[in-house]
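The values are calculated or read from the model by the stated rules, or taken from the named source; none is laboratory data. A quick note: this is a predicted structure, and the numbers were derived from the prediction, not measured. Here the Cβ positions follow ideal geometry from the backbone for every residue, glycine too, while neighbour counts run over all protein chains shown.
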Amino acid sequence: MSASPAHLIRLSDLDDRELEDLLDLSTRLKRRAAGEKLSGRSVGLLFFRGSLRTRTAFEAAMHQLGGHTVHLAGASDFWELEAAEGRVMDGRAPEHVKDAAAVLSTYVDALAIRPPMAGHSWAADRRDEAIAAWAKWARVPVINMESAMWHPLQALSDLMTMREALGSLRGKKLAIVWTHSPTPASPAVVHSLVDAAARAGMEVRLAHPPGYELDEEVTRTIGARGQSYSTFDSAAAAVEGAQVVYARSWWSLADYGNPTLSASRRARTHNWRVDEDLLRRGAEARFLHAMPVRRNVEVSDEVLDGGRSLVVDQAANRLHATKAVLLKLLQA
């Protein structure tokens, strides 16, 4: 076993060639089954938060590749784990990630983890200390199934879906529209999507109300690379002429950890949703959403069930992108 296994924590763990190869492999796997190339291999799935598509995609992917998954849920199957180093462990956590990772690495060939988020301070949660600790101490590859900052598997599926619909992505316009929801999500999906689409050469447009800016690391990185990225305070302006409209609700980082202020800010944003009138402003725009989606709150039924909606294809591609990642990390 290599002392330094390859991990997938964020898409920047892949160079441009590796990212392109992974997308090509995902497409090939969708067209033709790979066979049981991972026969006898196992992946541990550790969920500290809920999942529908991610868990199912991993379990189906490993089954189709001849392997096996071991599913563990933090809420029911084990206890709280400490991630910080040098801590005197006299609190709630009876075990350190260092020890759990070392032991689990002797049982499985890879670990896929959806880590916890404290939800009190964005400055703390954005450091992704839990997934970083697993990656540091595991002796097998670690795959990030959505941390506070990043969701690389969703971004792979998003790129794959857009390539299927549009062919080359270079120069195409992607409008990401913030949408109102009583239960907004982590910005991880949008962080990874913005980064991935910009790397693919897309013109990325982000529309949101005041206070919903992305983490500065994401925008600073795109700016340093000289890629196309702009922000709008109007969804209509962002969607104008776009080939893809991607709807997503995410927390205000300005109010992170303060539910009262967050609710007050959201109360002023009910008009932020995607309907057919907005979609028509695009250039025959395809519609994407990572799901779960609140119908007729975030997006109208007319859009979700319409002929330009790719949300089911997008979710289905999670299976093929996951298989590609597993093959890359476990066949190395």
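Test Tyr246 against the stated conditions and say whether it is under 21 Å from Ala148 (Cα atoms) and assigned to a loop (DSSP other than H, G, I, E, B).
No, not satisfied.
Residues in the stretch 97-144 that are in a strand (DSSP E or B) and not hydrophobic (A, V, I, L, M, F, W, C): Arg114, Asn144.
Give the residue, chosen from Ser157, Ser168, Ser181, that is surrounded by fewer than 19 Cβ atoms within 10 Å (Cβ to Cβ) and either at pLDDT 95 or above or assigned to a helix (DSSP H, G or I) (or both). Talk me through it step by step, then tell me what you get.
Working: Ser157 fails: surrounded by fewer than 19 Cβ atoms within 10 Å (Cβ to Cβ); Ser181 fails: surrounded by fewer than 19 Cβ atoms within 10 Å (Cβ to Cβ).
Just one listed residue meets the conditions, Ser168.
So which residues in the stretch 44-58 are surrounded by 18 or more Cβ atoms within 10 Å (Cβ to Cβ) and either part of a strand (DSSP E or B) or not polar (S, T, N, Q) (or both)? So that I can check it myself, show each step before the final result.
Within the stretch 44-58, the subset surrounded by 18 or more Cβ atoms within 10 Å (Cβ to Cβ) is 44-48, 53-55, 57-58.
Within the stretch 44-58, Gly44, Leu45, Leu46, Phe47, Phe48, Arg53, Arg55, Ala57, Phe58 meet the criteria.
Is there a residue being among the β-branched types (Val, Ile, Thr) and touching an Asp or Glu at 6+ places or on another chain (Cβ under 7 Å) anywhere in the stretch 122-138? The answer is no; no qualifying residue exists.
Yes/no matrix, rows are residues, columns are (1) over 23 Å from Arg280 (Cβ atoms); (2) out of contact with any helix residue (DSSP H, G or I) (no Cβ under 8 Å at 6 or more places or on another chain):
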site	(1), (2)
Met160	yes, no
Arg163	yes, no
Val177	no, no
His180	no, no
His191	yes, no
Asp195	yes, no
Gly201	yes, yes
His208	no, yes
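For the structure I just gave you, tell me whether Pro209 is part of a loop (DSSP other than H, G, I, E, B), in contact (Cβ under 8 Å) with a residue 60 or more places away in the chain, farther than 22 Å from Ser309 by Cα and touching an Asp or Glu at 6+ places or on another chain (Cβ under 8 Å). So Pro209 fits the description; yes. Return a yes/no flag: does the stretch 257-268 have any residue that is aliphatic (A, V, I, L, M) and surrounded by 22 or more Cβ atoms within 10 Å (Cβ to Cβ). Within the stretch 257-268, none of the residues are aliphatic (A, V, I, L, M) and surrounded by 22 or more Cβ atoms within 10 Å (Cβ to Cβ). Just a yes or no: is a residue in the stretch 286-294 over 21 Å from the mean Cα position of the chain (by Cα) and outside any loop (DSSP other than H, G, I, E, B)? Checked the stretch 286-294: no residue is over 21 Å from the mean Cα position of the chain (by Cα) and outside any loop (DSSP other than H, G, I, E, B). Filtering the stretch 59-83 to residues that are assigned to a loop (DSSP other than H, G, I, E, B), of a type in the set (A, V, I, L, M) and under 16 Å from Gly40 (Cβ atoms) leaves only Leu65. For the stretch 22-35, a residue qualifies if it is at pLDDT 95 or above and in contact with a helix residue (DSSP H, G or I) (Cβ under 8 Å, 6 or more places away or on another chain), and the qualifying residues are Leu22, Leu23, Leu25, Ser26, Thr27, Leu29, Lys30.
In a helix (DSSP H, G or I), surrounded by fewer than 22 Cβ atoms within 10 Å (Cβ to Cβ) and touching a residue at least 12 places away in the same chain (Cβ under 8 Å): does that describe Ala224?
No, not satisfied.
Restricting to the stretch 261-275, name every residue that is over 23 Å from the mean Cα position of the chain (by Cα) and more than 17 Å from Leu174 (Cα to Cα). Walk me through it before giving the result.
Here is the first cut: in the stretch 261-275, the residues over 23 Å from the mean Cα position of the chain (by Cα) are 261, 263-265, 267-271, 275.
Answer for the stretch 261-275, where residues must be over 23 Å from the mean Cα position of the chain (by Cα) and more than 17 Å from Leu174 (Cα to Cα): Leu261, Ala263, Ser264, Arg265, Ala267, Arg268, Thr269, His270, Asn271.
When Gly91, Gly50, Gly66 are checked against the criterion of being over 19 Å from the mean Cα position of the chain (by Cα), of a type outside the set (Lys, Arg) and within 18 Å of Ala112 (Cβ to Cβ), Gly66 stands alone in meeting it.
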